Structure formats: structure tokens, C-alpha cells
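Report on the structure given below.
Taken together, the values in this text are just the output of simple stated rules run on the coordinates, not laboratory data. Note that the structure is predicted; figures quoted are calculated from it, not measured. Cβ coordinates were reconstructed from backbone atoms using ideal geometry, including for glycine residues, and neighbour counts include every protein chain displayed.
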Amino acid sequence: MSLEEIKKQVEYYLSDKNLSQDEFFHKQIIQNQDGYLQLQFILKCNKVKQMKVTQEQLVEAIKLSTEVELSPDQTSVRRLNNKPLPELIITHTNKKVKTNSGEGVAAQQQQEEKPQEEPIDNPYHNFEPLIFTVKAPAGVAVSWSQITEALMKQHNISSPYVRYGKTEGNFALSKPRTPEDNIVRLTSEGIKIGEHQLQIQVTNGEDLTQFWAHHGKHYETIIKRAKETFAHGGAGKGAFKKYEQKKQKKDIVFHNQKYRDISQLKNIFKTILARSENNTPLKEPYHSMLVSLLQYHDKKDQKLNGLKHFTVGQHPDHAETRCFFAVKEDGSSEDFSSLKCIKNLETSLGL
């Protein structure tokens, strides 16, 4: 099998035609903040397996393409320049799937062209911990259950491990599953319990060493229990499935456009961030989309007052992160997080 034939097959998998029907690939790409699909998924496709393609051949074939591109570490591929995905139009049957062209395609044939997806993605599979430290003001007593509830309500985050002692505590998230934007938001906003603001920071250095020394055994016990509960279809698995189904079933209407779920809306603004040059005014339709987005910001009046245009730039406190800025007529500007606005939108919709 030639590299040209392999290249064409990969380009087909990432084409508008296929991704408008291929729920598995569509979902995998949306879940990656940079729009990449891991090569391991392509290698599991029946047609690629029949061609006996190796990962090395796959990498060399993608290098020849003008429609798709490799990730820096050459383990994933995406549409050139992170081209936005087409709308997914699919019915969960073995009969027919509606495509954008109106043609009928046998769903069974489509199923043979992609790897089988597990019904529920196990959040504890290869759980690589990212440990956070949480501190309350001096003299304020809080419990691990209050922290768990606050993380869910204020950041839409569920942690399998939360503890709190007399003066401080810790919680764990999965490092591969936690986007940098979430880390920035957690450490900059913290959580509020009652009238008290609790600070959150990433645990590292000597503090991390001390955590593992004093609480490592407790952590391992809790994570093991969580894995076993999920694997046997217990409360953890049921809650995760219920949460995912709820998000999938409720359409999101934003800026007179319907989105399949909240992840698709998040991906839109991630794409705008990725494609926009720093300090360059954003044009339509991005400008009006961001005006609509700011309607869900806690300080929307302040952000929109005297607005001239929007730009993208480096976060003032986190140089490695880019964010949106509302630039005012007087030349001043205010940064804001699209994820924070979308989180408020989720809350308003009861998600």
C-alpha cells in the first residue's frame, strides 16, 4: 500500500463528509482542545488494519498531505489549521444515517469504518493525578463534603479524591483530562463556601512530597475504591452516565444557533482563540458572538461598557495561556474567560 493511498484514507476520515456522520471521531476531536485525533484510533479502523499500515507509515503519509497535519509529537493528526468541524448529523440506528448531502448511508457500513467506542468513557482509566491544595481563612472550619459540593457547583468539576484537615486539604483531578484553562480558573477564582473564600493552588515541590508521604496511602485507597465502583456499575458509574446523558440530550441555543451539547459550544470559542492573532481586532461574526457570550459574565456591564472591539492576547497573570480581551474606546482593556461565561450559561440552562 503506497503512502499516497494511506494519505487519501486519512484525509477521508477527517473530511467534512465523514465527520458529519462519524460520531466517534467527531467526539474524540471535540474533546481535544487543539482539535487532534490520536493516530491509535486511525490504526484501529478496519480498512487501515486490512492495509497493514504501521504508525511510521501513517506519519510519513500525513506529512505529504495539504489537508491534515501532525501534532508536534507526531502521535495525533488534525484538520489543517484546526479547521472547524462540520455539524454532526446522526441517528443511533443500524438503518440509515442522514448526511449533509441528503444521501442515505448504511450505518452498519459506517460502523465498520471506525473503531468500536466504549459506551461510557471510564474517567479512572490510567488516572494520572494532578494534586491541588485548598486553604480556608484562619479559624474557618470546612469539610471535604463542602469542598466536593463547591467544586461541582462553582466549577462543574467532580474529584474522586477530596480530603480536608484542620487548616488545609487536597483534591485530585486527572492530569490528562484537565485543560489548562480549568487549572487557571481554579487557581485564580478558588471556591466559596458560605461567606468564606478558599484559595486553591497546584501542589508541587516539597508540598507535593509531603502530601504523598502523609496521605499517599489514603489516596490510593480512595482511588482504588472509585475504580472498583465504576467497573462494577456502581454509583460512580451511574452518576457519570446520567451526567453525560443529560448533557447530550439537551440542545444548547446560543446566538440564534443550536449546538448539540455544551462541548461543541466550548470548542467553537477554543477555535476562535487558536486561530486569532494577538492584539488584532476580531471581526464579525466573532465580535457579535462574544457580545452574546459576555451576557453570561458576572461582570457583563463592566466588560461591555465603552466597548470598541475584542482581541486575543496573553493572560496577564499566566503568560502561557491566551484569553479574550474587551478593548474600550479609551484604550483600556479587560480580560475575560469564555469558559467562565459558558459555565454560567450551563447553570442558567440547568445543566
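Derived scalar couplings between HN and Hα for the stretch 258-275 equal 8, 10, 4, 7, 5, 5, 5, 5, 4, 5, 4, 6, 5, 5, 4, 4, 5, 8 Hz in order, rounded to whole Hz, by the Karplus curve 6.51 cos²θ - 1.76 cosθ + 1.60 (θ = phi - 60°), x for Gly and Pro. Modelled label positions at GLN57 and ALA213, each set 7 Å beyond Cα in the direction of Cβ, lie 5.4 nm from each other. Placing a pseudo-label 7 Å from each Cα along the Cα-to-Cβ vector at VAL140 and ASN305 gives an inter-label distance of 2.7 nm. Between SER288, VAL312, GLN257, the Cα set farthest toward the positive side of the dipole of the stretch 256-321 (charges on each charged residue's Cβ, about the Cα centre) is that of GLN257. With a Förster radius of 35 Å applied to the C-beta separation of ASP335 and LYS153, the computed FRET efficiency comes to 0.90.
Averaging the Cα positions of each part gives two centres, and for the stretch 40-74 and the stretch 167-200 these lie 38 Å apart.
Taking other residues whose beta carbon is less than 10 angstrom from the beta carbon of ASN82, and scoring Lys, Arg as +1 and Asp, Glu as -1, yields +3. Taking amide H as placed 1.01 Å from N in the peptide plane, the amide H of THR321 sits under 5 Å from that of HIS315, each at least 5 places away or on another chain. Among the trypsin sites (Lys or Arg not before Pro) within the stretch 33-82, those in coil by DSSP and having at most 10 neighbouring Cβ atoms inside 10 Å are LYS52. Each residue of the stretch 173-179 is assigned a 3J(HN,Hα), and the resulting list reads 10, 7, 4, x, 9, 10, x Hz, derived from the Karplus form 6.51 cos²θ - 1.76 cosθ + 1.60 (θ = phi - 60°), x at Gly and Pro.
A simple spin-label model places the labels of ARG275 and LYS258 2.3 nm from each other, with each point 7 Å out along Cα-to-Cβ.
Less than 5 angstrom separates the built amide H of VAL140 from none of the residues sequence-distant by 5 or more or on a different chain.
Our coupling estimate for the stretch 154-165, obtained by passing each phi through the Karplus curve with A = 6.51, B = -1.76, C = 1.60 and θ = phi - 60°, is 8, 10, 6, 10, 10, 10, x, 9, 9, 9, 8, x Hz, Gly and Pro reported as x.
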